[in-house]
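The values are calculated or read from the model by the stated rules, or taken from the named source; none is laboratory data. Here the structure is a predicted model, which is why all the values come from computation and not from measurement. Cβ sites come from the backbone with ideal geometry, for glycine too, and all protein chains shown count toward neighbours. Ligands, DNA and RNA are stripped out before the accessible areas are found, and what is left, the full protein with its side chains, is counted by its heavy atoms. Shrake-Rupley method; radii C 1.70, N 1.55, O 1.52, S 1.80 Å.
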Amino acid sequence: MADFGQFDALSKRSMKVQLSLARAASFVKWQLVPVRYLGRMRYLRPHNMMPANPPQTALGQEIDSRGYATGPEIGTSTLEAMQKIFLPRAPETAPAGTKAPFINLSRAEDLTVDNPLLKFAFSKEVLDVALDYFGKRLILDSLQVLHSFPQAGQLKESQKRHLDYGDSRSLHCVAYLNDVLDLEGGPFVFIDKAQSKKVGRGLIVRRIDDDQFAKESGGVQPQIAYGKAGSSVWVDPAVCYHYGSRCRKARNAVFVTFNSDAPFMSPVPMIVENAEKISEIGKKLRPDLDPAIFDRMLRV
């Protein structure tokens, strides 16, 4: 007669081993910095053997030197259009199962030539700065409108100080859709490139709590990106330690993110799955630019 108790014990033991192996594989893939760097190999092309041109504009040079700069203002009509589309999508409380302190309100249906998010992302004030910063060797990584929920208690991982490891050179344009005038509003907080180098990196992707960060940074005062609705900031999150979404009241912010054309990780699924469509939108919005720029930027 079969010993079902023994079989059940073996089955549970096997499931534990599989779970442990899955966790180990996830740790290697997402937490080991050298493995992140290896992700670049699939994107390397002969031209990547030579460095890209350095920024030529004063703004690009400022971002390159300090890791950040004041960003463009969203025009009144564009801001109102964004608010009308995205703010009604924001739930009052985090959906069940939401682990991050925020959700993305942008959708594939927003990828049209008339959508204000696309108009802002491909405007001269945004795209041309990114082209200059990357020496025209860039990809569009994401177009997001992040709604951050009011939080209290223990910090989640994205709310701790960290660097982004999607690439070694990256660029956020963070633009607020509502006023963020105090710490309760959840401003984007960071330290500059030079100070971030003093904290350093490790072999493991680090999420550093405030006390430990104060020790390692020497208590440096952070840059706090306060601003009214429509204001923005440029930040390279790969070189500036930062955190966000520590809100006591809801915050809504546009994140337009670019990486180099040899990143560690692929763009977010919405970009990958709609690359050809986004490229065509870009060409229509910016007929002044070489159409090949959008094909390269979206890899089509």
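Multiplying the sequence separation of E92 and D210 by 0.36 nm and subtracting their Cα-Cα distance, what value in nm do you get?
Stretched fully, the E92-D210 segment lengthens by 39.7 nm.
Compare the peptides 206-214, 55-63 by average per-residue count of other Cβ atoms within 10 angstrom and give them in order, highest first. Could you put the intermediate results ahead of the total?
Numbers: 206-214: 14.3, 55-63: 16.0.
Put in order of decreasing packing, that is 55-63, 206-214.
For I139, list long-range residues whose amide hydrogen, built 1.01 Å from N in the peptide plane, is under 5 Å from its own amide hydrogen.
N259, S260, D261
Based on DSSP H runs of at least 4 residues, each adding -39500 (n - 2.57), what is the mean residue ellipticity at 222 nm of the chain after dividing by all its residues, to the nearest 500 deg cm²/dmol? If you can, show how the numbers build up before the last one.
Working: 11 runs with 106 residues, N = 300.
The helix contribution divided over the chain gives -10000 deg cm²/dmol.
Provide, as a two-decimal number, the C-alpha radius of gyration of segment 51-191 over 2.2 N^0.38 Å, N being how many residues it has.
On the way: Rg = 16.4 Å, N = 141, 2.2 N^0.38 = 14.4 Å.
The value comes to 1.14.
By the scheme Lys and Arg +1, Asp and Glu -1, what is the net charge of all other residues having a beta-carbon under 10 Å from that of R66?
On the way: positive: K193; negative: E62, D64, D192, D236.
It works out to a net charge of -3.
Taking only protein heavy atoms and a 1.4 Å probe, what accessible area per residue, in Å², does segment 140-298 have with all protein chains in place? Before the final figure, lay out each step's value.
On the way: 6360 Å² over 159 residues.
Accessible area per residue: 40 Å².
Quick one: if you stick a label point 7 Å off each Cα along the C-beta vector at V300 and E109, how many nm between them?
2.1 nm
Any chance you could run the full-extension gain for E184 through L38? It's 0.36 nm times the residue separation minus the Cα-Cα distance, nm to one decimal.
Working: separation 146, 0.36 × 146 = 52.56 nm, distance 3.89 nm.
Gain on extension, E184 to L38, equals 48.7 nm.
In a GNM of the chain with a 10 Å cut-off on Cα contacts, which of H47, H242, H147 has the highest mean-square fluctuation?
Largest GNM mean-square fluctuation: H47.
If you build the convex hull over the alpha carbons only and average its shadow over all orientations, what do you get for the chain? Give it in nm² to one decimal.
Values: hull surface 79.0 nm².
Approximately 19.7 nm², given one-decimal rounding.
Mind ordering 227-236, 74-83 by average Cβ neighbours within 10 Å, highest first? Could you put the intermediate results ahead of the total?
Values: 227-236: 21.6, 74-83: 17.1.
Sorting 227-236, 74-83 by mean packing, highest first, produces 227-236, 74-83.
To the nearest 20 Debye, how big is the dipole of the chain about its Cα centre, given +1 on the beta carbon of each Lys and Arg and -1 on that of each Asp and Glu? Please list the in-between numbers first.
Working: 40 positive and 33 negative charges, 192 e Å.
So the magnitude is around 920 debye.
In the structure displayed, which of K215/K249; K84/K119; K156/K193; K160/K193; K156/K198; K228/K249 lie more than 20 Å apart, Cα to Cα?
Details: K215/K249 29 Å; K84/K119 15 Å; K156/K193 24 Å; K160/K193 17 Å; K156/K198 24 Å; K228/K249 15 Å.
As for pairs spanning more than 20 Å Cα to Cα, those are K215/K249; K156/K193; K156/K198.
First measure r as the distance between the Cβ atoms of Q154 and D290, then evaluate 1/(1 + (r/R0)^6) with R0 = 51 Å and state the FRET efficiency to the nearest 0.05.
That pair, Q154 with D290, gives E of 0.55.
Carbon and sulfur atoms: what percent of the 1.4 Å accessible area of segment 160-300 do they account for? Provide the component values of the computation, followed by the final result.
On the way: 2960 of 5770 Å².
Heavy-atom surface of segment 160-300 belonging to carbon and sulfur, 1.4 Å probe: 51 percent.
How much net charge surrounds S170 when only other residues with a Cβ under 9 Å from its Cβ are counted (Lys, Arg +1; Asp, Glu -1)? Each step should come with its number before you reach the end.
Numbers: positive: R169; negative: D141, D164, D167, D236.
After counting each charged neighbour, the total is -3.
Can you work out the FRET efficiency for the pair K197 and I224, with r the C-beta to C-beta distance and R0 = 22 Å, to the nearest 0.05? If you can, show how the numbers build up before the last one.
Working: r = 20 Å, r/R0 = 0.92.
With a Förster radius of 22 Å, E is 0.60.
Read phi for every residue in segment 123-132 and hand back ³J(HN,Hα) as whole Hz from Karplus 6.51 cos²θ - 1.76 cosθ + 1.60, θ = phi - 60°, with x for Gly and Pro.
Here the 3J(HN,Hα) series is 5, 4, 5, 10, 4, 5, 5, 5, 4, 5 Hz.
Apply the Karplus parameterisation 6.51 cos²θ - 1.76 cosθ + 1.60, with θ equal to phi minus 60°, to every residue of segment 250-265 and state each ³J(HN,Hα) to the nearest whole Hz, in sequence, with x for glycine and proline.
Coupling constants for segment 250-265: 4, 10, 10, 9, 7, 10, 9, 10, 10, 10, 5, 7, 9, x, 7, 9 Hz.
Taking the Cα centre of segment 73-114 as origin, work out the dipole magnitude from +1 charges on Lys and Arg Cβ and -1 charges on Asp and Glu Cβ, in debye rounded to 20.
Details: 4 positive and 6 negative charges, 49 e Å.
That gives segment 73-114 a dipole magnitude of about 240 debye.
Grab the other residues whose beta carbon is less than 15 angstrom from that of D209, score K and R as +1, D and E as -1, and report the net.
Details: positive: K156, K160, R161, R206, R207, K215, R246; negative: E157, D210, D211, E216.
So the environment of D209 carries a net charge of +3.
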